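Participant: Just dropping this structure here.
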Amino acid sequence: DAKTTQPTSMDCAEGRAANLPCNHSTISGNEYVYWYRQIHSQGPQYIIHGLKNNETNEMASLIITEDRKSSTLILPHATLRDTAVYYCIVRVARGNEKLTFGTGTRLTIIP
Amino acid sequence: GAVVSQHPSRVICKSGTSVKIECRSLDFQATTMFWYRQFPKKSLMLMATSNEGSKATYEQGVEKDKFLINHASLTLSTLTVTSAHPEDSSFYICSATGTSLSSSYNEQFFGPGTRLTVL
């Protein structure tokens with residue numbers, strides 16, 4: 001799996017959009033960008049994934065740059081329940097491929 | 001998304017005893033399951049990958065005789081920590097991927113985790 005780089009921590013005001021960046025400059029052509037988050041003392045939760053087009057679901061939006069070397073996860077209206085560690089992972093889109101977790105970004109939503 | 005459960009959620013045991021943790025996929029067939037370990041304030045570290053009906057593949061540095069993994073059915077995998085010691089105290093998390101009646105999943109779905117404390 002390609003390595004990713006994320007800021008260690010970020011704060012965001014409740015109700016505002018939270019933008020979490022991720023650098024993956026060595027991503028391969030067949031690797032997708034996946035985002036998971038882990039709320040304290042729980043298992044990780046899948047958020048979204050994409051290859052090169054921007055993606056949106058009920059949880060978040062994923063913006064991938066044209067050169068695919070970086071991406072941004074957007075939580076449009078952050079709530080206190082969005083406080084968690086967010087992990088950006090690149091891997092091929094095969095279910096039995098393992099996930100390699102980095103240190104992630106600790107996002108704190110401020111009331 | 002698909003649902004994965006783990007049991008127990010917490011367990012405390014004495015040093016030298018064995019502990020079994022169950023991981024179940026509730027609404028899909030889990031052809032592949034993964035076991036992770038997470039120490040406080042650290043990231044998840046993959047311990048092993050198991051495919052239904054096959055022996056598990058362990059990551060480097062993980063003792064296969066200490067962490068026994070069984071994936072005997074498409075909905076159940078178990079992790080047994082044998083002869084547990086205090087340094088085995090950790091948060092153990094499983095994940096699964098596979099197929100349901102309507103979907104074939106590329107993402108992994110995680111269980112809620114099991115906190116093991118060895119006294």
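Participant: Can you count the Lys pairs in the protein assembly as shown whose Cα atoms are under 17 Å apart, with each pair 8 or more apart or on different chains?
Facilitator: Pairs that pass both the separation and distance tests number 9.
Participant: Related question: Can you compute the label reach from B:Thr17? Point 7 Å from Cα along the Cβ direction, backbone N cut-off under 19 Å, restricted to region A:5-47.
Facilitator: none
Participant: Continuing with the same structure: How large is the accessible surface per residue of the protein assembly as shown, computed with a 1.4 Å probe and reported in Å² as a whole number?
Facilitator: Heavy-atom accessible area per residue stands at 51 Å².
Participant: When the distances between all Cα atoms of region B:1-66 are binned every 10 Å from zero, what whole-number percent does each bin get?
Facilitator: 16, 44, 36, 4
Participant: Next question, about the same structure. Report the far tail of the P(r) of region B:2-119, meaning the percent of Cα-Cα pairs longer than 19 Å.
Facilitator: Within region B:2-119, distances greater than 19 Å cover 42 percent of Cα pairs.
Participant: Per-residue mean of other chain beta-carbon atoms within 10 angstrom of the beta-carbon, peptide A:98-109?
Facilitator: The shielding value for this peptide is 3.
Participant: Per residue of B:85-94, how many C-beta atoms from partner chains lie within 10 Å of its own C-beta, taken as a mean?
Facilitator: 1
Participant: As an exercise, identify the trypsin sites (Lys or Arg not before Pro) in region B:37-119 lying in DSSP coil whose Cβ has no more than 12 other Cβ atoms within 10 Å.
Facilitator: Sites meeting the loop and neighbour criteria: B:Lys41, B:Lys42, B:Lys55.
Participant: Still on this model: If one takes the accessible area of chain A alone plus chain B alone and subtracts that of the pair, with a 1.4 Å probe, what total in Å², rounded to the nearest 100, results?
Facilitator: Using a 1.4 Å probe, the pair buries roughly 1500 Å².
Participant: A further question on this structure: Run the simple label-point estimate for A:Asp11 and B:Gln60 please: 7 Å along Cα→C-beta, distance reported in nm.
Facilitator: 4.1
Participant: Please state the equivalent ellipsoid semi-axes for the protein assembly as shown: what are the square roots of 5 times the Cα gyration tensor eigenvalues, largest first, in whole Å?
Facilitator: In descending order the semi-axes read 30, 20, 16 Å.
Participant: Continuing with this model, one more query. Under a point spin-label approximation (7 Å from Cα along Cα-to-Cβ), what is the B:Thr99-A:Ile110 distance to one decimal in nm?
Facilitator: 5.0
Participant: Given H placed 1.01 Å from N in the peptide plane, which residues other than close sequence neighbours of B:Ala48 have an amide H under 5 Å from its amide H?
Facilitator: Amide H neighbours of B:Ala48: B:Trp35, B:Glu59.
Participant: Arrange the residues B:Ser18, A:Ser71 by how much accessible surface each exposes, largest first, with a 1.4 angstrom probe.
Facilitator: Largest accessible area first, the residues go B:Ser18, A:Ser71.
Participant: For region B:21-69, which whole percent of the accessible surface, found with a 1.4 angstrom probe, sits on carbon and sulfur atoms?
Facilitator: Carbon and sulfur: 47 percent of the exposed surface of region B:21-69.
Participant: For the pair A:Glu66 and A:Lys3, what calculated FRET efficiency results from E = 1/(1 + (r/R0)^6), where r is the Cβ-Cβ distance and R0 = 25 Å, to the nearest 0.05?
Facilitator: 0.75
Participant: Can you tell me, using C-alpha contacts under 8 Å and at least 6 residues apart, the relative contact order of region B:17-119 as a whole percent?
Facilitator: Relative contact order, region B:17-119: 33 percent.
Participant: While we're looking at this one, here's another question. Would you work out which of B:Ala96, B:Gly16, B:Gly111 lies farthest towards the positive end of the dipole of the protein assembly as shown, given +1 charges on the beta-carbon of Lys and Arg and -1 on that of Asp and Glu, about the Cα centre?
Facilitator: B:Gly16
Participant: Protein chains only, probe 1.4 Å: how do A:Arg16, A:Arg68 rank by accessible area, largest first?
Facilitator: Heavy-atom accessible area, descending, gives A:Arg16, A:Arg68.
Participant: Using the Kirkwood formula on the Cα atoms of chain A, what hydrodynamic radius do you get, in angstrom to one decimal?
Facilitator: Evaluated on chain A, it is 13.9 Å.
Participant: Provide a whole-number value for the mean count of partner chain Cβ atoms within 10 Å of the Cβ atoms in peptide B:32-38.
Facilitator: 3
Participant: Suppose the Debye formula is applied to equal point scatterers at every Cα of region A:46-110; what is log10 I(q)/I(0) at q = 0.13, 0.17 Å⁻¹?
Facilitator: Normalising to I(0) and taking log10 leaves -0.40, -0.68.
Participant: Out of region A:45-111, which GluC sites (Glu not before Pro) are coil in DSSP terms and have no more than 10 other C-beta atoms within 10 Å?
Facilitator: A:Glu58, A:Glu66
The values are calculated or read from the model by the stated rules, or taken from the named source; none is laboratory data. Keep in mind that this is a model prediction, so the values were computed, not measured. Because the Cβ atoms are built from the backbone with ideal geometry, glycine has one as well, and the counts that use them run over all protein chains shown. The accessibility values were calculated without ligands, DNA or RNA, using every heavy atom of the protein model including side chains. Shrake-Rupley method; radii C 1.70, N 1.55, O 1.52, S 1.80 Å.
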